[in-house]
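Notes follow the structure.
The values are calculated or read from the model by the stated rules, or taken from the named source; none is laboratory data. Model, not experiment: these values are computed from the prediction. FYI the Cβ positions are ideal-geometry reconstructions off the backbone, even for glycines, and counts take in every protein chain you see. For accessibility, only protein heavy atoms count, side chains too; no ligands or nucleic acids. Shrake-Rupley method; radii C 1.70, N 1.55, O 1.52, S 1.80 Å.
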Amino acid sequence: RLANAVTPLWRLPYQEQLQVKYESQRKVLQALASHLEELGIEAQKPGGVCCPLQPVVPSPVINGYRNKSTFSVNRGPDGNPKTVGLYVGTGREGNIVCVKANRMENIPPKHKQVAQCYEEFIRRSPLEPCILFHEGGHWRELVVRTTSRGHTMAIVTFHPQELGQEALATQKALLKEFFTCGPGTVCALTSLYFQESTMTRCSHEQSPFQLLHGEPHIFEEVLGLKFRISPDAFFQVNTGGAEVLYRAVGELSQVDGDTVLLDICCGTGTIGLSLAHQVSKIIGVEVVEKAIEDARWNAAFNGISNCEFRTGKAEAVLPQLLSSWEDARPLVAVVNPSRAGLHHRVVRAIRNCASIRRLLYISCKPEGEAMRNFLELCCPPDPGKKLAGEPFAPTLAIPFDMFPHTVHCELVLLFTR
């Protein structure tokens, strides 16, 4: 059940998986074309799509490709509340169970091993799991991150409830002991982090990641560059797939030694830094402060000096940056937002900045909120929405399979004007 819920295509031969994804991306581009037609823009190309769609670029690794997994703690199929795995079922039907990830094709063995050890640890612990915050309990989810260099980071989330500092210190000591001297030693963790969290998701600012053991960062290599990864920094979950994606972004952006590249939602700076040698300057914008710290470290460590990184919400940083833009150099934008898409103020700032002629939009969910962004970029000028600049047009679409066995892929859409 779990494999079917999380990786519904796992039974299909890989070529057929790519075909399924191609069809879904074609539907996205047909939907975009018909929305644009409704706005009075002639957008339909052969096949009813808004621009040429290239075949899905395959992932270089098909099994065990994930470098980050999040495991929940909840009741298993046998009723044990201390089960570490992934959810199946829906809250609406009240049939949620937590199932071990042993048979998941996309999760590497190392992640399964750490999850298994964490389960053993919490089953030995006298403290209860925290399933519903208001009902008490403590042990919560586990995040495991690994790199191709063989590093492993584990992050345990814990609800402190009413525990005092001394009791917390005891739990941290027990967890550390289990993974450094006890049965958990088999995991050979590079980093063990602990986060006391009273909310579903906490940033480092809201509740610091406490390093219990090992190194504060793990390291990954992408396109010959070395990247430092913090506990909560965004990094593409498929490293090999990311290399293929970033190479293509470099080609599609048509940047040269004169270009300024704007990397919006830049995370740890991977896209910008991988293209830095091709351009005159990179400006990265990212809301997660730790990720920007990593991006600056990554630039310095790799000897890259033509990058500047700005921390803050894109909708606060970008309008300010672009409204006063007077640089004569060509400006190319790359945006890689979360599933929620870009804030309308970001789209407006890009649209109203005449220097931006090319925009690469990397979307992990193009049928969702991103569709609204596409329409705002391409619609006729709209004074009500303060969209004054000349509209963009979708020019080329390339899907990248970053998530084999699932229905998802990353769609790179090139907009030009």
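Observations, loosely collected:
- The C-beta contact set for the stretch 308-321 (first residue over 8 Å from Arg345 (Cα atoms) and in the same structural domain as Ala291 (by the TED database), second residue assigned to a strand (DSSP E or B) and open to solvent by less than 20 Å² (accessible area, probe 1.4 Å), distance under 6 angstrom, 6+ apart or interchain) comprises Glu308/Ile283; Phe309/Gly284; Arg310/Val285; Ala314/Ile264; Ala314/Val285; Val317/Val285.
- Residues being open to solvent by less than 20 Å² (accessible area, probe 1.4 Å), assigned to a helix (DSSP H, G or I) and under 30 Å from Pro77 (Cα atoms) - total across the stretch 1-49: 3
- Taken as a whole, the condition of being of a type outside the set (Val, Ile, Thr), touching a helix residue (DSSP H, G or I) at 6+ places or on another chain (Cβ under 7 Å) and free of Cβ contacts under 8 Å to residues at least 60 places away in the same chain applies to His213.
- Taking the stretch 125-140 as the range and being more than 16 Å from Gly79 (Cα to Cα) and either assigned to a loop (DSSP other than H, G, I, E, B) or touching a Gly at 6+ places or on another chain (Cβ under 6 Å) (or both) as the test, the residues that pass are Ser125, Pro126, Leu127, Gly136, Gly137, His138.
- Residue among Pro108, Pro77 that is open to solvent by less than 60 Å² (accessible area, probe 1.4 Å) and under 30 Å from His159 (Cα atoms): Pro108
- Among the residues of the stretch 71-114, those that are closer than 29 Å to Gln19 by Cβ and either within 19 Å of the chain's Cα centre (by Cα) or hydroxyl-bearing (Ser, Thr, Tyr) (or both) comprise Leu86, Tyr87, Thr90, Asn106, Ile107, Pro108, His111.
- Selection of the stretch 385-417 for residues being of a type outside the set (D, E, K, R) and open to solvent by 30 Å² or more (accessible area, probe 1.4 Å) yields Ala388, Pro391, Ala393, Thr395, Leu396, Phe403, Val407, His408, Thr416.
- When residues of the stretch 141-174 are limited to those that are basic (Lys, Arg) and at pLDDT 95 or above, the one most open to solvent (accessible area, probe 1.4 Å): Lys172
- Residue within the stretch 140-152 that is farther than 30 Å from His405 by Cα and without any contact (Cβ under 8 Å) to a residue 60 or more places away in the chain present: no
- Subset of the stretch 252-308 [of a type in the set (Ser, Thr, Tyr) and under 17 Å from Ala333 (Cβ atoms)]: Ser253, Thr259, Thr270, Ser274, Ser280
- Residue tally, condition of a type in the set (A, V, I, L, M) and farther than 15 Å from Ser230 by Cβ, over the stretch 189-217: 3
- Once the stretch 216-255 is narrowed to residues that are touching a residue at least 24 places away in the same chain (Cβ under 8 Å) and of a type in the set (Asp, Glu), the residue that is nearest to Leu275 (Cα to Cα) is Glu243.
- All positions within the stretch 91-120 that are at pLDDT 90 or above and of a type in the set (S, T, N, Q): Asn102, Asn106, Gln113, Gln116
- Those residues of the stretch 350-373 which are open to solvent by 10 Å² or more (accessible area, probe 1.4 Å) and of a type in the set (D, E, K, R), in sequence order: Arg357, Arg358, Lys365, Glu367, Glu369, Arg372
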